[in-house]
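Notes follow once the structure below has been shown.
The values are calculated or read from the model by the stated rules, or taken from the named source; none is laboratory data. Worth saying up front: this structure is predicted, and the values here are computed from it rather than measured. Cβ coordinates were reconstructed from backbone atoms using ideal geometry, including for glycine residues, and neighbour counts include every protein chain displayed.
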């Protein structure tokens, strides 16, 4: 270690130059980074729900959409001004990039009989046709039509939707979604100016996709600078050193730039979760520097010469910060067990960042300390500081602290089972996000965004015209509409009922399915031939006419309710059917299932990481016993954290499913530093267990407190993210890290003293 320290100090300028050059080269890769802005990036290619959904999109048309929500301020859609706006927007929406279809109440294919002739045309052909009679017809027809009511028009008539179906080529996913969103916003802005008495909002899957990168960019432009300021301010105030703060800032920036550059060079891309990596790396990079600085300044205040103080600090801290960096990297790499690739990417990026932070903290960091002028006042008093007093308190009260803290830990941990695994992908976004505001309004006035698509296959070409098949589908549609969670159900059977009524002189008694297969086939053919280009029935019927798609729209359901609804649909199908096939799929189902599977994967990953970390600590501390002891302070913070979450929140989503792995790697840091100092005092200094505890507190107590404050502040800032997945992860991580320090100060020392052995200080 002395040879290494001497090399760094002797070649300090060379070390600085090489570090900067290497990071500059690595940083060039950051230009290659692009943001993937589609929800499908959350799923592996072999994900069952994703495979089913893509299969449905191959059979029928795509269902990705932009929804223009039109809400007149007078609360009535059925006025000349609002219907004119709807008609104009319907026509203008055809110019949106990558659109394949536009649906609204004005271009709804309204069918009626004129003598022996069936007429099918837009419900409102031209805006200048509007008069009181036409407005009344549009109102009565749209509110009576099951395919429109609560889907494109609110039952109360307060709002309507122009729905644009989007079919992106999939050539450059990083550009296509933002292009569509920008195109839609340009049209919205035009109509906002033209119609000041009408409110226009944007929702739909495309706008949700685009909200992922926008939230990430907002975090990058706002949260990262705030976080950097908080961290630097905290280090500067707590350590009271400009040079140390500046050197720490250099390590932080080099670690972030190096990580983003390397990720770009290896062909990585950014997503919502992985875009938070700079925030996490920024926070973690501080810890290594703080420990080196604390020992360095402690030595100098005790009269040790600067270069010797640096060398001693490296000697004392090299193994602990190597171990903590390794365990932190292992903790984050458990995210590779996640069923959501973006979390795996976040884990890899942070592991790279932590590795770079360690490398820079033992190279350029001591080199900068050696180069820059450092002024330190020598310690002139032997007065006990706060850590000495805390050590005395813990040692003096160890007999009640251990059982008391055990009861508290077990008490809070008992609330872990009260957490319910739940996700609502609409709520991934804070209410400050325009997409969330629009979607909440849509839920309150029209329908939710939770959808389940049903593909019912007759297994025969033209089998959908069979009256028995149609009756089964209609029965299933009626059952779906009877479910309390249902907002809307779209089915071709409603169209066939309407056509049958039209062909029987508009007699309401004939609003039912055709009783003969030939008649159903004729109606369907007649209807298809009458439809304008772009409004065909391929969104409901496959090419061979062997299967139909039924789309059920529900309130914005939690993941557990969505899965329960899926089971209910499957049970109904199995109970009432013996000859058809059913496929259930949708983005809602994909997100609902991934939360369930992700928590299981992460538990496995975290368990393996815990075992590996404990073995590493056992080897590093040269004691299997200490490796086992470390399990308790490493496990309990997450248990208490999730217990508190269960007590006050009670719901765990996709973001929180990775917290145990994330925090495990971080909280081990405190345990490693405290226990390594304890073991060093017992073995090298031949101190008693009590004095070894005092030595640990005086050596690393302040550094652990500072790093914890910085980490809590950093992750606390992350908790203000507009992307709920990152915000919740930041909040619970901050809580868990704070709990870890409390456990390491008040639970671990009494435990070590209880399990002390006289053999330890004889080794």
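Could you count how many residues in the range 291-320 are assigned to a loop (DSSP other than H, G, I, E, B) and under 18 Å from residue 8 (Cα atoms)?
Looking only at that region, the number is 1.
Looking only at residues in the range 559-576 that are out of contact with any helix residue (DSSP H, G or I) (no Cβ under 8 Å at 6 or more places or on another chain) and farther than 27 Å from residue 467 by Cβ, which one is modelled with the lowest pLDDT?
Here the residue is 561.
May I ask you to say which residue of 83, 54, 14 is surrounded by 21 or more Cβ atoms within 10 Å (Cβ to Cβ), assigned to a helix (DSSP H, G or I) and free of Cβ contacts under 8 Å to residues at least 60 places away in the same chain?
After ruling out the rest, the residue left standing is 83.
So that you can scan it fast, the table gives a plain yes or no per residue for (1) at pLDDT below 90; (2) in contact with a helix residue (DSSP H, G or I) (Cβ under 7 Å, 6 or more places away or on another chain); (3) under 25 Å from residue 64 (Cβ atoms):
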{"position": "479", "(1), (2), (3)": "no, yes, no"}
{"position": "505", "(1), (2), (3)": "yes, no, no"}
{"position": "511", "(1), (2), (3)": "no, yes, no"}
{"position": "541", "(1), (2), (3)": "no, yes, yes"}
{"position": "546", "(1), (2), (3)": "no, yes, yes"}
{"position": "552", "(1), (2), (3)": "no, yes, yes"}
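Considering only residues of the range 219-229 that are touching a residue at least 24 places away in the same chain (Cβ under 8 Å) and surrounded by fewer than 19 Cβ atoms within 10 Å (Cβ to Cβ), which is farthest from the chain's Cα centre (by Cα)?
226
Having 3 or more residues that are under 24 Å from residue 215 (Cβ atoms) and outside the structural domain of residue 496 (by the TED database) is the bar; report the helices (runs of 4 or more DSSP H) wholly within the range 365-476 that clear it.
434-445
Restricted to the range 646-675, and to residues that are part of a helix (DSSP H, G or I) and surrounded by fewer than 24 Cβ atoms within 10 Å (Cβ to Cβ), which residue is farthest from the chain's Cα centre (by Cα)?
Looking at the filtered set, the residue picked out is 647.
In the range 141-164, is there at least one residue being within 31 Å of the chain's Cα centre (by Cα), part of a helix (DSSP H, G or I) and surrounded by fewer than 20 Cβ atoms within 10 Å (Cβ to Cβ)?
no
Would it be correct to say that residue 253 is part of a helix (DSSP H, G or I) and in contact (Cβ under 8 Å) with a residue 60 or more places away in the chain?
No: the conditions fail for residue 253.
In this structure, does residue 188 turn out to be over 16 Å from residue 38 (Cβ atoms) and touching a strand residue (DSSP E or B) at 6+ places or on another chain (Cβ under 6 Å)?
Criteria met by residue 188.
Being in the same structural domain as residue 366 (by the TED database), in contact (Cβ under 8 Å) with a residue 60 or more places away in the chain and on the phi > 0 side of the Ramachandran plot, is that true of even one residue in the range 315-328?
No, because not a single residue in the range 315-328 is in the same structural domain as residue 366 (by the TED database), in contact (Cβ under 8 Å) with a residue 60 or more places away in the chain and on the phi > 0 side of the Ramachandran plot.
Those residues that are surrounded by fewer than 20 Cβ atoms within 10 Å (Cβ to Cβ), in contact (Cβ under 8 Å) with a residue 40 or more places away in the chain and assigned to a loop (DSSP other than H, G, I, E, B), I need them from the range 165-199; list them, please.
167, 169, 195, 197
Determine whether residue 62 is assigned to a helix (DSSP H, G or I), within 29 Å of the chain's Cα centre (by Cα) and at pLDDT below 90.
Criteria not met by residue 62.
Identify, please: which residue in the range 710-723 is surrounded by fewer than 22 Cβ atoms within 10 Å (Cβ to Cβ) and assigned to a helix (DSSP H, G or I) and is, among those, nearest to the chain's Cα centre (by Cα)?
The selected residue is 716.
Taking only the range 551-561 into account, find how many residues are closer than 21 Å to residue 101 by Cβ and surrounded by 21 or more Cβ atoms within 10 Å (Cβ to Cβ).
Adding up the residues that qualify gives 2.
Yes/no matrix, rows are residues, columns are (1) surrounded by fewer than 20 Cβ atoms within 10 Å (Cβ to Cβ); (2) assigned to a loop (DSSP other than H, G, I, E, B):
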{"position": "605", "(1), (2)": "no, no"}
{"position": "612", "(1), (2)": "yes, no"}
{"position": "622", "(1), (2)": "yes, yes"}
{"position": "644", "(1), (2)": "yes, no"}
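Would you confirm, using the coordinates I've provided, whether residue 349 is within 21 Å of residue 280 (Cβ to Cβ) and either part of a helix (DSSP H, G or I) or touching a residue at least 24 places away in the same chain (Cβ under 8 Å) (or both)?
yes
Which numbered condition trips up residue 282, out of (1) touching a residue at least 60 places away in the same chain (Cβ under 8 Å); (2) more than 28 Å from the chain's Cα centre (by Cα); (3) more than 15 Å from residue 243 (Cα to Cα)?
All conditions pass for residue 282, except number (2).
Would you check which residues across the range 477-493 are surrounded by 19 or more Cβ atoms within 10 Å (Cβ to Cβ) and part of a helix (DSSP H, G or I) and list them?
Selection gives 477, 480, 492, 493.
One line per residue, one yes/no per condition, for (1) more than 30 Å from residue 530 (Cα to Cα); (2) without any contact (Cβ under 8 Å) to a residue 60 or more places away in the chain:
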{"site": "398", "(1), (2)": "yes, no"}
{"site": "414", "(1), (2)": "yes, no"}
{"site": "431", "(1), (2)": "yes, yes"}
{"site": "463", "(1), (2)": "no, no"}
